[in-house]
Amino acid sequence: MDLDFPLILVVLTFVTGAIWGLDRLIWYPRRKEAADKAPIGEQGSVAAVANQTDAETDEPWLVEMSRSFFPVLAIVLVLRSFLVEPFQIPSGSMLPTLLVGDFILVNKFSYGVRLPVAGTKVLEVGDPQRGDVMVFRYPVDQKTNYIKRVVGVPGDIISYRNKTLYINNKKIEETHVANLPPMQLFEEQLGAVSHQIYKTSRTRPGQGEGEWEIPQGHYFMMGDNRDNSNDSRYWGLVPDEMVVGKAFAIWMHWKSLTSLPSFSRVGSID
C-alpha cells in the first residue's frame with residue numbers, strides 16, 4: 001500500500017499541535033488547580049510542597065511527546081510544503097539530464113504557493129516555462145510523482161512526427177552530439193534552456209506521434225529520453241493543480257543500497 005506522506009505529515013502536525021495546545025489551555029491549569037487543593041501532608045515543608053506539586057502537575061506521556069515533536073513536525077511541514085522538497089529519480093526517462101539514483105531538490109514556490117495535500121494555489125508567483133524540469137502528480141495515479149520537461153505551455157500547438165518536435169508549427173532544431181549505440185545524443189533548445197536528449201537509433205513508426213493544442217491551465221510534458229519516456233504523448237496533459245514544483249538541483253547520487261553515495265553530480269539542473 002502506498003503511503004501518502006504529505007497527508008500523514010499534516011495529520012501528525014495537527015494532532016500533536018492540538019494536544020499540546022489543549023494541555024496549555026485546559027489540562028495543565030486543571031492539574032495545577034488539583035495540585036494546589038491537595039493536602040500537603042504532615043511535614044508541611046517547602047520541599048514536600050514542591051515534590052507534591054511536581055507529582056500532581058507532571059505531563060502525561062502523550063502531552064510530553066506532542067510538545068517535543070510538534071515544533072519539529074511544523075518546521076518540516078513548512079519547509080516541505082512551501083519551500084523545498086527532496087525527490088529521488090527512480091527511472092531513466094530523463095536521461096541524460098537525470099540519472100537513476102539522483103537525489104534532487106524541488107522549488108515548491110516557483111509556480112505559486114500551494115496548500116499541502118490539496119494542492120490549491122493560494123498565492124501566484126510564476127508559471128511553468130518551456131524548458132523547465134518539473135515535478136507533478138501523475139494524472140493517471142495522483143499518488144505518484146513524475147518528473148519531465150515542460151515542452152508545451154498554454155496556447156501552444158505541439159506536434160511530434162518522425163521523432164521530431166514542432167511547437168506552433170516551428171521545428172525545434174537539434175544538434176547531433178554523439179552516437180552512443182543504441183542511442184544518439186542531441187542538443188536541443190527549448191525557450192531559453194539548452195539541454196541534451198536521447199533518441200534511439202531504431203525507428204518505430206507512429207511512436208508517440210500526434211498533435212496537441214494546450215488549453216489554459218495545462219502543460220505538455222516530455223522526457224529527455226524521448227523514446228523511453230511515458231509522458232504527455234501517451235496519457236495527456238498535466239493540469240495546473242497537479243504541479244508540485246520546479247526541479248533545480250542535484251544534491252547527491254545514490255543508485256542502490258549496495259553502492260556508495262556520490263556527490264560528483266552535485267549541481268544545477270538545466
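The values are calculated or read from the model by the stated rules, or taken from the named source; none is laboratory data. Values in this document were obtained by computation on a predicted structure and should not be read as measured data. Virtual Cβ from ideal backbone geometry, glycine too; neighbours counted across all protein chains shown.
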- Message: Between Arg80, Arg114, Arg67, which is of a type in the set (D, E, K, R), surrounded by 15 or more Cβ atoms within 10 Å (Cβ to Cβ), modelled with pLDDT under 90 and in contact with a strand residue (DSSP E or B) (Cβ under 6 Å, 6 or more places away or on another chain)?
- Response: Arg114
- Ser81: assigned to a helix (DSSP H, G or I) and of a type in the set (S, T, N, Q), yes or no? yes
- Message: Could you check segment 217-237 and list, in sequence order, the residues that are farther than 15 Å from Gly131 by Cβ and part of a strand (DSSP E or B)?
- Response: His218, Asn225
- Mind listing whichever residues of segment 133-150 are over 14 Å from Pro239 (Cβ atoms), in a loop (DSSP other than H, G, I, E, B) and not charged (D, E, K, R)? Thr144
- Could you check, for segment 87-97, whether at least one of its residues is farther than 30 Å from Val177 by Cβ and touching a strand residue (DSSP E or B) at 6+ places or on another chain (Cβ under 7 Å)? no
- Do we have Val135 as at pLDDT 95 or above and at negative phi here? yes
- Quick check: anything in segment 200-215 touching a residue at least 60 places away in the same chain (Cβ under 8 Å) and part of a loop (DSSP other than H, G, I, E, B)? yes
- Query: What do you reckon, is Met252 outside any helix (DSSP H, G or I) and surrounded by 19 or more Cβ atoms within 10 Å (Cβ to Cβ)?
  - Reply: no
- Message: Let me spell it out: the conditions are (1) in contact with an Asp or Glu (Cβ under 6 Å, 6 or more places away or on another chain); (2) modelled with pLDDT of 95 or more; (3) not hydroxyl-bearing (Ser, Thr, Tyr), and Lys143 meets all of them except one. Which number is the exception?
- Response: (2)
- Can you work out which of the residues in segment 151-172 that are of a type in the set (A, V, I, L, M) and not in a strand (DSSP E or B) is farthest from Val84 (Cα to Cα)? Ile172
- Message: As an exercise: evaluate Gly191 against (1) touching a residue at least 40 places away in the same chain (Cβ under 8 Å); (2) surrounded by 14 or more Cβ atoms within 10 Å (Cβ to Cβ) and give the number of the one condition it does not meet.
- Response: (2)
- Message: among the acidic types (Asp, Glu), assigned to a helix (DSSP H, G or I) and either at pLDDT 85 or above or farther than 30 Å from Phe263 by Cα (or both): is that true of Glu33 in this structure?
- Response: yes
- Tell me which residues, restricted to segment 231-270, are small (Gly, Ala, Ser) and within 16 Å of Ile147 (Cβ to Cβ). Ser232, Gly245, Ala247, Ala249, Ser268
- Item | Neighbours by Cβ (under 7 Å, 6+ apart or cross-chain): first from segment 155-182, under 19 Å from Ser194 (Cβ atoms); second exposed (fewer than 10 other Cβ atoms within 10 Å of the Cβ) and among the charged types (D, E, K, R) | none
- Query: With respect to the numbered conditions (1) farther than 18 Å from Phe109 by Cα; (2) modelled with pLDDT of 95 or more; (3) not aliphatic (A, V, I, L, M), which one is the sole condition not fulfilled by Pro181?
  - Reply: (2)
- Filter pass, Val122 being in a strand (DSSP E or B) and modelled with pLDDT under 90: yes
- Pairs, first among the charged types (D, E, K, R) in segment 116-138, second loosely packed, with under 14 Cβ neighbours inside 10 Å, C-beta under 6 Å, six or more apart: Arg130/Gly191
